[in-house]
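Colleague: Structure provided below as structure tokens; questions to follow.
Please treat every number below as a calculation from the coordinates, not as lab data. Every value quoted in this text rests on a predicted model; they were computed, and no experiment measured them. A quick note on method: Cβ atoms are made from the backbone with ideal geometry, for glycine too, and the neighbour counts reach across all protein chains shown.
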Amino acid sequence: MHESISRPGSALPLPRLLAFALVYFLAWSTLPALLGHSFPLDVVESLSWGKEWQWGYYKHPPLAPIVLNIFYEGLGKFGPYALSQLCIALTLTLVWLTGRRMMDAQRAVLGVVLTMGVAYYNFPAIEFNHNIAQMPIWAALGYLFVAALQENKLRYWIGLGVVAGLGMLTKYSIAVLLLTLGLYLLGSAQYRKVLLRPGPWLAVCLMALIFAPHMLWLKASQWLPFAYASGRALSETGDPRLEALGFPLTQLAAHLPLLGVLAWAWWRSRRELLGGAVAAERRWHASSPSLLLVLTLLPGLIVMLLGVLLGLRLRDMWGSPMWAFSGLLVMSLLPDVRLPSLQPKLLRGLAVWLVLVSIFMVLYMSHGAQLRNRPGRVDWPAAAIAQQAEQAWGMHSTCRLDTVAGDYWLAGLLSAYSAARPSVLIDGDPRFSPWVDVRRLKQHGALWVWQEKTQNEHPQPPEPLKSLSRDESLHTVEGAWKITWPHAPSSAPLELKWRAYVPEHCLLVK
């Protein structure tokens, strides 16, 4: 590990940096919850899964939804936002630890700071999802891999296997990074010999052991997440191979704040040094530049190649966890002679960027609907919908509201904001909600909620509720709600329809 390098005028203002980071963490953990009227879509959907404690769900592995539900149960509406910021804080800590194994303390700290110039670490983080959940896992795998290669101690290989298993339980795309690490081992003459030792193979066994329960679930569900992804891809238009070629461009766009701050800092310091002195220093400032390059760039390249060769449809946000080490890569390239001049400007530029994006977040959460002249997901009257549902159910049933049926947005929203936290029976394939079956519906009933977007639209209740429509043991009651939009009280209200399926033993006798 490198020792700290002392340079004239290079002392880092660590107390101020930590104070700024704490204020930023608290602001992004609390303000979205206070300003928004409902959770973002991915949060709502994951909450409906996580409360069921399954070994898998129809779109993703189970770990992220379960952890999200724990935070929601513990911290209420602040939980999802605090979890996102905790993921980012853990990622930055691991970036710092990785940086200290490759470069001196000043470069490692500035590398952490520059990481926040990657756009994925700012505004997208208000919506906790599997991409955000991957961030600390991605950084942890990088750190443990570097530590294992440098020291070859068994504890690092054990940690690598455990984190890899947890990563596979978070999102399958973590396999891209695991493939990257494997390719590096095979291609490095310096480190290939570690494959003759037990550490890497112990890591593989631990990963497989942790992932095994989900693998059994995949087999039992007939590989449901992959079938869902395949069906979704077939429903989309356009050539996925051509779209994959654009993946690097979208990832470059996510780095524009970082590159902008770096360019501004470089330009501002251009007069403070002689150009010849700067040009003379052409070397890496990292102990393992090839490894740092591979960790930073190869996963994105692999994803692009897989998209082109296999025709996979790539999502821009899949790049979210891939750039944990971008800041370290930049710091490994900056010359020593520039750092005293660049450091204060880099810190100032990143502070300005984070303040600006925080202001944008506040405006989006508080006035986004007014600015767009239409509501976003965070503008839905979630609490009012849940209140109406509880009142409607309570008027006809003595039993607790156990199940709410509908599309994954509306039913999930109702479930998340209801005190009863009912289970969600999702529209479409009954395999999407294996926790709700005919027996449960007959015993506890359900509330089906839907929105008719056109006058000629007549949706059908999801299975297995549809098959019970004529069951005499379930009494049905229908109604409609008109709910005021929080951002536009004078505009047309949100109109929802509902039907209660009440078991006979739960009927409220008046």
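Colleague: Which order do peptides 188-194, 341-347, 80-86, 134-140 fall in by mean Cβ count within 10 Å, highest first? Can you show the working numbers first?
Modeller: Numbers: 188-194: 12.9, 341-347: 21.1, 80-86: 23.6, 134-140: 25.7.
Top to bottom by mean Cβ count within 10 Å: 134-140, 80-86, 341-347, 188-194.
Colleague: Another question, then. Alpha carbon centre of the range 228-263 versus the range 203-218: separation in Å?
Modeller: Result: 30 Å between the Cα centres.
Colleague: May I ask for the angle, rounded to the nearest 10°, between helix 130-151 and the longest principal axis of the chain, with both axes built from Cα atoms and the value confined to 0 to 90°?
Modeller: 30 degrees
Colleague: When a/c is below 1.5 the answer is rounded, else prolate if a/b is larger than b/c, else oblate, so apply that to the range 51-122 with a ≥ b ≥ c taken from the square roots of the Cα gyration tensor eigenvalues. Mind showing how you got there, number by number?
Modeller: On the way: a/c = 2.95, a/b = 2.25, b/c = 1.31.
Cα axes put the range 51-122 in the prolate bin.
Colleague: Using alpha carbons only, how many degrees (0 to 90, rounded to 10) separate the axis of helix 174-187 from the longest principal axis of the chain?
Modeller: With rounding to tens, the tilt is 30 degrees.
Colleague: Follow-up question, since we're still on this one. If you keep only loop residues by DSSP, which GluC sites (Glu not before Pro) in the range 407-493 have at most 12 other Cβ atoms within 10 Å of their Cβ? If you can, show how the numbers build up before the last one.
Modeller: Numbers: sites: GLU452, GLU457, GLU472, GLU478; in loops: GLU452, GLU457, GLU472.
Passing both the DSSP loop test and the Cβ count: GLU457, GLU472.
Colleague: Could you sort out which of LYS453/LYS482; LYS453/LYS497; LYS51/LYS77 sit more than 19 Å apart by Cα distance in this structure?
Modeller: Working: LYS453/LYS482 14 Å; LYS453/LYS497 11 Å; LYS51/LYS77 15 Å.
Those over the limit do not exist; all pairs fall within it.
Colleague: Right, here's the next one. Does anyone have the angle between helix 154-168 and the longest principal axis of the chain? Alpha-carbon axes, 0 to 90°, nearest 10?
Modeller: Roughly 40 degrees, rounded to the nearest 10.
Colleague: I'd like the isolated cysteines in the chain, meaning no second cysteine's beta-carbon lies under 4.7 angstrom from theirs.
Modeller: Taking the Cβ cut-off of 4.7 Å, the unpaired cysteines of the chain are CYS87, CYS205.
Colleague: PRO486: net charge of surrounding residues, Cβ under 15 Å, Lys/Arg +1, Asp/Glu -1, itself excluded? All intermediate terms of the calculation are to be shown ahead of the outcome.
Modeller: Numbers: positive: LYS77, ARG372, ARG374, ARG377, LYS482; negative: ASP379.
With Lys, Arg at +1 and Asp, Glu at -1, the neighbours total +4.
Colleague: Give, as a single signed number, the net charge of other residues whose beta carbon lies under 9 Å from the beta carbon of PRO65, with Lys and Arg counted +1 and Asp and Glu -1. Before the final figure, lay out each step's value.
Modeller: Numbers: positive: LYS51; negative: GLU45, GLU52.
Charge balance in the 9 Å sphere: -1.
Colleague: For the range 380-506, what proportion of DSSP beta bridges, expressed in % and rounded to the nearest 5, is antiparallel? Kindly include the intermediate steps, with their values, before the conclusion.
Modeller: On the way: 16 of 22 bridges.
Rounded to the nearest five, the antiparallel share is 75 percent.
Colleague: Right, another one. If one computes the Cα centroid of the range 491-510 and of the range 283-359, what distance in Å separates the two points?
Modeller: 52 Å
Colleague: Roughly how many nanometres apart are two label points built 7 Å out from the Cα toward the Cβ at LEU183 and LEU34?
Modeller: It is 4.6 nm.
Colleague: Here is a further query. Quick one: if you stick a label point 7 Å off each Cα along the C-beta vector at LEU196 and LEU12, how many nm between them?
Modeller: 3.9 nm
Colleague: Assuming R0 = 51 Å, can you tell me the calculated FRET efficiency for the pair ASN152 and ASP437, based on Cβ-Cβ distance, to the nearest 0.05? Please report the intermediate quantities before stating the final value.
Modeller: Numbers: r = 51 Å, r/R0 = 1.01.
Computed FRET efficiency for ASN152 and ASP437: 0.50.
Colleague: Count charges around GLN388 for me, please; just the other residues with Cβ under 12 Å from its Cβ, Lys/Arg as +1, Asp/Glu as -1. Intermediate values should be presented prior to the final figure.
Modeller: Values: positive: LYS482, LYS497; negative: GLU390, GLU495.
My count for the surroundings of GLN388 gives 0.
Colleague: Further, regarding this structure: Compute the distance in nm between two label points, each set 7 Å from the Cα along the Cα-to-Cβ direction, one at ALA27 and one at SER467.
Modeller: About 5.4 nm, to one decimal.
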